[in-house]
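All remarks here apply to the structure that follows.
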Amino acid sequence: MKKSILLTLLVISALFKAQKNQFIELKSGIKDKSHIAQSLTLLDKREDKFIGIVSHRKEPYEIKFEKDDLEKLFSDWFSENNKDKGNTPYFLILEYLKVSDIPTERTLTGHLEMRISTFLKRKDHYYFLKKSMISKDYPQKDHAYITRVIAARISSEIANIVKDSYSEQGLDIAVSESDLSNYEKIISEQLPVYSQPLIDGVYKDYKSFAEQKPDKELTIRKNKDGVIKGVKRLDGYDNLSKDVFAIVDNGIAYKKTPVNIIEMEKGSDGYFITASEEEIFPQSNTAVYAGVGGAIGGLVVSVIDVAATKIRKQNAKYYRVEIDRLTGEYILPENFGKSR
């Protein structure tokens, strides 16, 4: 009996020794060219610190950071890239990070799930800047070395959100350190777009929409029947810019897509639209959408038009696409037709 137990322990020990590692290396540049950032601190909010195992040619590799002391690792990474520092502390919250093997008919597919966010700190309060969520499969047939690809993706995604955060204005709602684990609910409940009646007007980005601050130089353009036809400047010229996030008319919000505008509905988790893949990710701007209307001032004939609505419903498959409460980005459903 003792020999059997000893043999089992030796086998387990041998397996652990044979386990190979694929390190996530923080090598990308994260220089703050404006010299605003004072520091970068990692707040690891993961319940389970073990990232996971992915196989390369059926050989398991544990994905892990290159050092165990993550707070020092990230702090040193920032310092190496920023010799001239400012006065604003930045924080990166690691909310979730998991990798795994997904069995397929003949092989294994690597899978990555990741959720990270950034904040800056002023007077003991945190202010949300950006958020990144990834859910992606890595088939063997598409990648020669899946473990390296996944580790590199994790590293690049972290670097990108840090660099983008330097120029992000963020939402002007303070969150205490004790509330960081529940920041999304706390912030969204205080945003005017969720707590107050909507203000009519044109919104150039999600931040202005969330804070209900319509653009002062733009207005909605309608035809004689009151149908929305586009956006124009107050001086009468059509606005040719594509930088329009949404329109609010008579208290109803409409989301601008590359080919039309679609009414935004409000659910328990925030706003969503019912849209097709072609409306969100159009393949081209050709006559495919001629039935909905041609481009006018960066927008097209509104789908409020009854005839256009019928054409929409007849010619495509539609999905419930949620709007992220803090970023305004699309949250695509799992069965969405577009490859992510």
Quiz item: All other residues with a Cβ under 15 Å from the Cβ of Gln140 taken together, and with Lys, Arg as +1 and Asp, Glu as -1, what is their net charge?
Solution: +1
Quiz item: Tell me, in nm to one decimal, what length is gained between Phe50 and Asn250 on full extension, where the rule is 0.36 nm per residue of separation less the Cα-Cα distance?
Solution: 66.9 nm
Quiz item: So which chymotrypsin sites (Phe, Trp or Tyr not before Pro) in segment 162-246 end up in coil per DSSP with only 14 or fewer other C-beta atoms within 10 Å?
Solution: Tyr237
Self-check item: Alpha-carbon centroids, segment 198-235 and segment 95-126: separation in whole Å
Solution: 37
Exercise. For Glu265, tell me the accessible area in Å² from a 1.4 Å probe, rounded to the nearest 10.
Key: 80
Quiz item: Quick one: Cα centre-to-centre distance for segment 150-167 and segment 29-56, in angstrom?
Solution: 8
Quiz item: Can you give the accessible area of Lys136, probe radius 1.4 Å, in Å² rounded to 10?
Solution: 60
Practice problem: May I have the pair-distance distribution P(r) for segment 41-116, computed from all Cα-Cα distances with 10 Å bins from 0 and rounded to whole percent? | Solution: 16, 38, 27, 14, 4, 0
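Could you please put Leu42, Leu332 in sequence from largest to smallest accessible area, using a 1.4 Å probe? Provide the component values of the computation, followed by the final result.
Working: Leu42 10, Leu332 30 Å².
Ranked list, largest accessible area first: Leu332, Leu42.
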Quiz prompt | Heavy-atom accessible surface of segment 140-280: percent carbon and sulfur, 1.4 Å | solution = 44
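The values are calculated or read from the model by the stated rules, or taken from the named source; none is laboratory data. Since we're looking at a predicted model, the values are computed, not measured. No Cβ is skipped: glycine too gets one built from the backbone with ideal geometry, and neighbour counts run over all protein chains shown. Accessible surface areas use protein heavy atoms only, side chains included; no ligands, DNA or RNA. Shrake-Rupley method; radii C 1.70, N 1.55, O 1.52, S 1.80 Å.
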